[in-house]
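> One structure coming up, written as structure tokens, with questions to follow.
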2 protein chains.
Amino acid sequence: MQLLKDKILKEGRVLSDTVLKVDSFLNHQIDPLLMKEIGEEFANRYSDEVITKILTIESSGIAPATMLGLVIGAPVVFARKRKSLTLADNLYSSKVHSFTKNETNEISVSRDFLSPDDNVLIIDDFLANGEAVKGLLDIAQQAEANVIGVGIVIEKGFQQGGQLLREQGIRVESLANIKSLANGQVEFFD
Amino acid sequence: MQLLKDKILKEGRVLSDTVLKVDSFLNHQIDPLLMKEIGEEFANRYSDEVITKILTIESSGIAPATMLGLVIGAPVVFARKRKSLTLADNLYSSKVHSFTKNETNEISVSRDFLSPDDNVLIIDDFLANGEAVKGLLDIAQQAEANVIGVGIVIEKGFQQGGQLLREQGIRVESLANIKSLANGQVEFFD
């Protein structure tokens with residue numbers, strides 16, 4: 001997706017060979033118009049499928065997932081990273097390790113909002129080692145839902161998450177796939 | 001906002017005299033079409049103002065704030081509840097106590113995304129005791145930004161947050177204002 005790649009090149013900050021900061025439009029400040037374009041691109045990529053539920057994880061997955069939901073008219077469910085007092089029981093749960101934050105969270109989704117009747121598309125902002133997506137897949141499998149595939153805004157293709165998912169036969173669509181962050185430069189695949 | 005009130009009456013679950021659960025469309029599952037309507041309603045309420053920045057807090061404020069941003073073409077900044085390794089310095093911070101979750105979080109916003117030039121509208125999903133909004137106001141004041149007002153999806157008007165803010169001269173627009181949750185029934189003001 002050229003618009004996204006241009007934005008990454010213009011505003012992304014390479015902090016190391018593995019860390020790209022895109023806080024100006026995705027992870028802290030959000031560019032709503034770009035999010036709408038991203039939602040439309042996900043809808044186009046998966047236009048051959050009927051999606052009944054979009055599954056993402058708080059917080060940075062919510063904006064792109066909600067814009068996709070607006071385009072295709074499907075509800076979004078975001079997995080929570082901690083249990084709150086009003087969301088205590090009746091949960092699917094899984095464990096997710098974040099290398100960026102160096103912590104392991106239990107993520108959970110209410111059983112009320114995922115069922116065996118659902119065709120689920122998983123959306124997330126970044127795909128690196130694939131930990132978050134694996135947790136969301138685990139939750140979808142607990143619900144016996146049908147997982148159509150995964151939509152990622154920015155894949156770090158030099159890390160193993162995308163490869164591991166694709167080797168399992170899972171469809172992964174990344175709107176920007178980064179080949180390298182070496183020497184402070186963003187290089188994309190293709 | 002009648003559409004929102006109808007949705008609350010249809011899908012909201014009154015868990016006690018103070019707790020209303022709207023996990024089916026706002027706090028866990030998100031209804032993107034309703035969020036778009038909510039964004040348009042906030043835009044209408046504040047159509048007399050020029051908004052340069054929408055300030056909210058993760059996670060449930062993100063969807064309505066981003067839809068407002070789409071309608072008016074303004075960026076959204078969401079305050080984070082914990083520091084991450086990629087968002088460590090250069091922050092405005094404040095403390096927010098959540099009565100629902102019974103915990104105090106430090107919330108923070110990067111200094112890169114709020115400035116004295118900004119006309120800020122604060123958006124949040126719920127207003128009860130006003131703790132989250134007070135934290136966001138504190139952050140906007142640290143940035144010396146101009147706060148236009150506050151937009152709330154659901155105000156619990158029987159709690160004191162809204163009154164305290166309005167007594168300070170802060171404009172608060174709530175799309176649904178709840179008078180009482182007694183006897184398991186949702187009763188609105190007006």
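The values are calculated or read from the model by the stated rules, or taken from the named source; none is laboratory data. A quick note: this is a predicted structure, and the numbers were derived from the prediction, not measured. No Cβ is skipped: glycine too gets one built from the backbone with ideal geometry, and neighbour counts run over all protein chains shown. Ligands, DNA and RNA are excluded from the accessible area calculation, which covers all protein heavy atoms including side chains. Shrake-Rupley method; radii C 1.70, N 1.55, O 1.52, S 1.80 Å.
> Quick check on residue A:57: is it buried (at least 23 other Cβ atoms within 10 Å of the Cβ), hydrophobic (A, V, I, L, M, F, W, C), touching a Leu at 6+ places or on another chain (Cβ under 7 Å) and under 22 Å from residue A:122 (Cβ atoms)?
When the stated conditions are applied, residue A:57 passes them.
> Of the residues B:107, B:72, B:51, which single one is under 17 Å from residue B:172 (Cα atoms) and in contact with a helix residue (DSSP H, G or I) (Cβ under 7 Å, 6 or more places away or on another chain)? Break it down stepwise before answering.
Working: B:107 fails: under 17 Å from residue B:172 (Cα atoms); B:72 fails: under 17 Å from residue B:172 (Cα atoms).
B:51 is the lone residue from the list that is under 17 Å from residue B:172 (Cα atoms) and in contact with a helix residue (DSSP H, G or I) (Cβ under 7 Å, 6 or more places away or on another chain).
> Let me ask something additional. Of the numbered conditions (1) open to solvent by less than 20 Å² (accessible area, probe 1.4 Å); (2) without any contact (Cβ under 8 Å) to a residue 40 or more places away in the chain; (3) over 13 Å from the mean Cα position of the chain (by Cα), residue A:146 satisfies every one except a single condition; which is it?
(1)
> May I pose another question? Yes or no: residue A:41 within 25 Å of residue A:131 (Cβ to Cβ), within 16 Å of the chain's Cα centre (by Cα) and open to solvent by 40 Å² or more (accessible area, probe 1.4 Å)?
So residue A:41 fits the description; yes.
> Of everything in the stretch B:84-99 that's over 18 Å from the mean Cα position of the chain (by Cα) and facing another protein chain (nearest Cβ under 9 Å), which residue is modelled with the lowest pLDDT?
Out of the qualifying residues, it is B:85.
> Give the residue, chosen from B:58, B:41, that is touching a residue at least 60 places away in the same chain (Cβ under 8 Å), among the acidic types (Asp, Glu) and touching a strand residue (DSSP E or B) at 6+ places or on another chain (Cβ under 6 Å).
Answer to the selection: B:41.
For every residue, the table says whether it meets (1) assigned to a loop (DSSP other than H, G, I, E, B); (2) touching a residue at least 12 places away in the same chain (Cβ under 8 Å); (3) at negative phi.
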| site | (1), (2), (3) |
| --- | --- |
| B:47 | yes, no, yes |
| B:51 | yes, yes, yes |
| B:64 | no, yes, yes |
| B:74 | yes, yes, yes |
| B:77 | no, yes, yes |
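> So residue A:77 passes all but one of these: (1) β-branched (Val, Ile, Thr); (2) surrounded by fewer than 22 Cβ atoms within 10 Å (Cβ to Cβ); (3) under 18 Å from the mean Cα position of the chain (by Cα). Which condition number does it fail?
That leaves (2) as the condition not met.
> Determine whether the stretch B:160-169 contains at least one residue that is aliphatic (A, V, I, L, M), in contact (Cβ under 8 Å) with a residue 40 or more places away in the chain, open to solvent by less than 70 Å² (accessible area, probe 1.4 Å) and touching a strand residue (DSSP E or B) at 6+ places or on another chain (Cβ under 9 Å).
No, every residue in the stretch B:160-169 fails to be aliphatic (A, V, I, L, M), in contact (Cβ under 8 Å) with a residue 40 or more places away in the chain, open to solvent by less than 70 Å² (accessible area, probe 1.4 Å) and touching a strand residue (DSSP E or B) at 6+ places or on another chain (Cβ under 9 Å).
> Can you pull out the residues in the stretch B:37-63 that are more than 9 Å from chain A (Cβ to nearest Cβ) and in contact with a Phe, Trp or Tyr (Cβ under 7 Å, 6 or more places away or on another chain)?
Passing the criteria: B:56, B:57, B:61.
> Could you list all residues from the stretch A:1-36 that are part of a helix (DSSP H, G or I), within 17 Å of the chain's Cα centre (by Cα) and at the interface with another protein chain (Cβ under 9 Å from one of its Cβ atoms)?
A:32, A:35, A:36
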